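Trainee: Got a structure here, written out as structure tokens. Questions coming.
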Amino acid sequence: MKKIAFFCIPAHGHTNPMLPVAAEFVRRGNTVRFYSFDEFENKIKAAGAEFISCDSFLPKLTMQEEAGLKNVSTTEMTIQDIRITLSMNDFLEKEFKSFQPDVVYTDSVCFWGKLNAWKHHVPMVVSTSTFAFNQLSSEYMKNSPKEMADMIFGLPRVSGELKKLEPYGYHVKSALSLVQSDNDTDSIVYTSRRFQPYAESFSDHYAFVGPSVFSNVLPEKKKDRPLIYISMGTVINDRPDFYSKCIDALKNLNVDTIISCGNTINREKLGILPDNIQVYPYVDQLDVLARADAFITHCGMNSVSESLYMATPMVLYPQTGEQYAVARRVTEIGAGIMLKDDSSGGIRTAIQKILNNKAYGNAAAKCSADFRACSGTAGAAEFIENAPHSSDGIDIIGELNKANAKFQLLYWLGVIIAINLMGFLVSWKYVWIIGIAAGILTSPIGKAIQKRNYASLTRGITHSRS
């Protein structure tokens, strides 16, 4: 039997999919020590794992830092992860020496889990709570100008914090190297290869195990009238304005509606509720989705996965770049529509479109069958137990990078030749036009060539890999 150390950040969307895996390990007779935070203690103990509280290592936040975390600031989250890693250093030094884990299972953005696995030379498997993102699948991300500015202007602060890790034996090139998906790191992804964008570009170090859930409930959609479920997740859910518009949109429709709004909203702000609408702080989401005919969602990966697992089509209302990537994939498989007009009328129209077109439900049901055919938590546990893994397949990303380097060399060599020919044969006065045109065209031409190379490399590769 093995000893497995679990690490995760204090976030429901990252912790929840790890819990069924922990329970599976315990069922197999392994020892699981889960380093987490007090709000998750009961859930972790219910899974049978040993809970280790890390709350005392959380830094005290200024009002500005707290606001940044609530707004899902990449810069602020990165800085706080680094600071937590430093504050936990001495504690985890002792833990790794006393517990001596055989393998570390850590969330993809939990720096202290990753860094200590590397530092103490323990095999590591990464828990990927959303899609696996590399240079191809990252194209699905649609960061807002605000998010882009946060990342760009936050780089000096992040770089300054990263330098503080070096004296403690943590060697990091960049924050990106801590969170990016590469083809050499063993990783669990809680979706199927069919749903993962550019799945062929990920090596055999990736196990696509499907949604990690406790429920054995099957979808059951038969009832007197449709059920609509609405939730904005556990992070950006303080949206009484949006919930009010949903209530107004659905109050006169022949549907039942359940809204899960978290505990940050004063229910009285929503006014007197119509008879067909119920509002709760929390619900058993899988149980509700098993009966729901449509789900208005913020497009967190867990929520979307659970919705598709229960064959429920969606009205998609993403709030972050990562959520937009998930929403885009749902539209591609035909299991949902984007909510482009979030007025009461727009919400009503979107719901009616989902309910009146069986194609959305059929697409969700097809994805449900795909998810349920995956190896699940048993497959995840087996993969983690046998880490580290090797991969004999083609490293598609590596091959694409080589091809791109060759293209860039030849492209700019051609540009230099064209500039010199124009200068000597025509005039040096206008050669700058070639340089500007070349700079503008390099990206679209490069992407077109990369797309062609990707198709060539993946031709013949099937989705048979588990």
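Trainee: List every residue pair whose Cβ atoms lie under 7 Å apart, where the two residues are 6 or more positions apart in sequence or sit on different chains, the first residue falls within the range 138-149 and is open to solvent by less than 80 Å² (accessible area, probe 1.4 Å), and the second residue, located anywhere, is acidic (Asp, Glu) and assigned to a helix (DSSP H, G or I).
Mentor: Hits for this filter: Met141/Glu322.
Trainee: Of the residues Thr349, Thr312, which is out of contact with any His (no Cβ under 6 Å at 6 or more places or on another chain), among the polar types (S, T, N, Q), assigned to a loop (DSSP other than H, G, I, E, B) and surrounded by 14 or more Cβ atoms within 10 Å (Cβ to Cβ)? Talk me through it step by step, then tell me what you get.
Mentor: Working: Thr349 fails: assigned to a loop (DSSP other than H, G, I, E, B).
One residue alone meets the criteria, Thr312.
Trainee: Now for a separate question. What's the number of the only condition in (1) closer than 30 Å to Val104 by Cα; (2) hydrophobic (A, V, I, L, M, F, W, C); (3) in a loop (DSSP other than H, G, I, E, B); (4) modelled with pLDDT under 90 that Ile397 fails to meet?
Mentor: Unmet for Ile397, out of (1) closer than 30 Å to Val104 by Cα; (2) hydrophobic (A, V, I, L, M, F, W, C); (3) in a loop (DSSP other than H, G, I, E, B); (4) modelled with pLDDT under 90: (3).
Trainee: Would you kindly identify the strands (runs of 3 or more DSSP E) lying entirely within the range 210-303 that contain at least 2 residues that are in contact (Cβ under 8 Å) with a residue 60 or more places away in the chain and either under 17 Å from Val315 (Cα atoms) or open to solvent by 40 Å² or more (accessible area, probe 1.4 Å) (or both)?
Mentor: Passing ranges, in order: 227-231, 294-297.
Trainee: For the range 352-377, what are the residues that are open to solvent by 20 Å² or more (accessible area, probe 1.4 Å), of a type in the set (S, T, N, Q), within 14 Å of Thr191 (Cα to Cα) and not in a loop (DSSP other than H, G, I, E, B)?
Mentor: Hit for the range 352-377 is Thr377, nothing else.
Trainee: Residues to consider are Arg157, Arg194; find the one that is open to solvent by 30 Å² or more (accessible area, probe 1.4 Å), basic (Lys, Arg) and within 23 Å of Gly300 (Cβ to Cβ).
Mentor: Arg194
Trainee: Let me ask something else about it. So how many residues does the range 379-397 have that are of a type in the set (A, V, I, L, M) and over 26 Å from Tyr454 (Cβ atoms)?
Mentor: 4
Trainee: Residue under question is Lys142, and the condition is that it be assigned to a loop (DSSP other than H, G, I, E, B), farther than 14 Å from Trp118 by Cα and of a type outside the set (Val, Ile, Thr); does it hold?
Mentor: Considered against the rule, which asks whether it is assigned to a loop (DSSP other than H, G, I, E, B), farther than 14 Å from Trp118 by Cα and of a type outside the set (Val, Ile, Thr), Lys142 comes out as yes.
Trainee: From Val126, Val122, Val189, Val158, grab the single residue that is more than 26 Å from Glu306 (Cβ to Cβ), of a type in the set (A, V, I, L, M, F, W, C) and in contact with a strand residue (DSSP E or B) (Cβ under 9 Å, 6 or more places away or on another chain).
Mentor: Testing whether each residue is more than 26 Å from Glu306 (Cβ to Cβ), of a type in the set (A, V, I, L, M, F, W, C) and in contact with a strand residue (DSSP E or B) (Cβ under 9 Å, 6 or more places away or on another chain) leaves just Val122.
Residue-wise test of (1) in a helix (DSSP H, G or I); (2) over 25 Å from Thr128 (Cβ atoms); (3) open to solvent by 40 Å² or more (accessible area, probe 1.4 Å); (4) not charged (D, E, K, R).
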position	(1), (2), (3), (4)
Gly379	yes, no, no, yes
Ala387	no, no, no, yes
Ala403	yes, yes, no, yes
Gln408	yes, yes, yes, yes
Leu421	yes, yes, yes, yes
Tyr430	yes, yes, yes, yes
Ile445	yes, yes, yes, yes
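Trainee: Oh, and also: Report the residue count in the range 242-296 for those that are farther than 19 Å from Ser307 by Cα and of a type in the set (Ser, Thr, Tyr).
Mentor: 3
Trainee: Filter the range 237-254 down to the residues that are more than 14 Å from Asp342 (Cβ to Cβ) and at pLDDT below 90 and list them by number.
Mentor: Asn237, Asp238
Trainee: Looking at the range 93-131 only, could you name the residues that are over 25 Å from the mean Cα position of the chain (by Cα) and either crowded, with 23+ Cβ neighbours inside 10 Å or among the polar types (S, T, N, Q) (or both)?
Mentor: Matches in the range 93-131: Ser98, Gln100.
Trainee: How many residues does the range 32-50 hold that are outside any helix (DSSP H, G or I) and either among the polar types (S, T, N, Q) or on the phi > 0 side of the Ramachandran plot (or both)? Full working, then the answer.
Mentor: From the range 32-50, those outside any helix (DSSP H, G or I) are 32-37, 47-50; that's our starting set.
Still in the list and also either among the polar types (S, T, N, Q) or on the phi > 0 side of the Ramachandran plot (or both): 36, 48.
Matching residues across the range 32-50 total 2.
Trainee: Cβ contacts < 7 Å: first residue closer than 15 Å to Lys163 by Cβ and open to solvent by less than 10 Å² (accessible area, probe 1.4 Å), restricted to the range 72-92; second residue part of a helix (DSSP H, G or I) and of a type in the set (A, V, I, L, M), any location; separation 6+ or different chain. Result?
Mentor: Ile79/Val158; Ile82/Leu162; Thr85/Leu115
The values are calculated or read from the model by the stated rules, or taken from the named source; none is laboratory data. A quick note: this is a predicted structure, and the numbers were derived from the prediction, not measured. For neighbour counting, all protein chains shown are included, and Cβ atoms are generated from backbone atoms with ideal geometry for every residue, glycine included. Side chains included, ligands, DNA and RNA excluded: accessible areas come from the protein's heavy atoms. Shrake-Rupley method; radii C 1.70, N 1.55, O 1.52, S 1.80 Å.
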